[in-house]
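Q: What follows is a single structure, and I will ask about it in a moment.
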Amino acid sequence: FNHQNGIVDCSNKLINNVTENIPPIAEKFYLDGNDLVYIKSAIFIGLYQLKTLYLNRSGIEVIQPNSFVNLTKLENIYLNQNSLTCVDVESLNGLVSLKLLLPLVLQILSASPLPLITFLSLLFQIKLQNRLLYDLPHLSS
């Protein structure tokens, strides 16, 4: 991978798993155009400085719960042109600084509406980009 000035570029490398060799000082991480399919729990552990994550065109079908745990500085996640149809809100646990999730996937599922309310209250911007939102759990406090 190429890295400089807090930017790590692993785009179009046919990567199917993120390794522990990513510098912990990474602020921007490009994983566009890979073959990730599953974003596993705690896959980005140790990237405490990460602010922007690019996962466009990476064949992602599933984001497991706690995939972004401890990424408290992560503000932007780009997920364009993947095969996601559903994201459990638990997969977004720990994203306390998230401002942009681009795009929101087709469905958001939640076992309890409270975590979803908390998550949506922190989110600054959701771009659907001509995608339909089929289901949003009832939001009550």
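The numbers here are math on the coordinates, done by the rules we state, and not lab data. Quick caveat: nothing in here was measured; it's all calculated off a predicted structure. Counting neighbours? That spans all protein chains shown, and the Cβs are built from the backbone with ideal geometry, glycine included.
Q: Please give me the summed charge of the neighbours of GLN64: other residues whose Cβ is under 12 Å from its Cβ, Lys and Arg +1, Asp and Glu -1. Walk me through the numbers before you get to the answer.
A: Values: positive: LYS40; negative: GLU61, ASP88, GLU90.
Value of the local net charge: -2.
Q: Taking amide H atoms as placed 1.01 Å from N in the peptide plane, list the residues 5 or more away in sequence, or in a different chain, whose amide H sits under 5 Å from that of ASN12.
A: Amide H neighbours of ASN12, under 5 Å, 5+ apart: ASP32, GLY33, ASN34.
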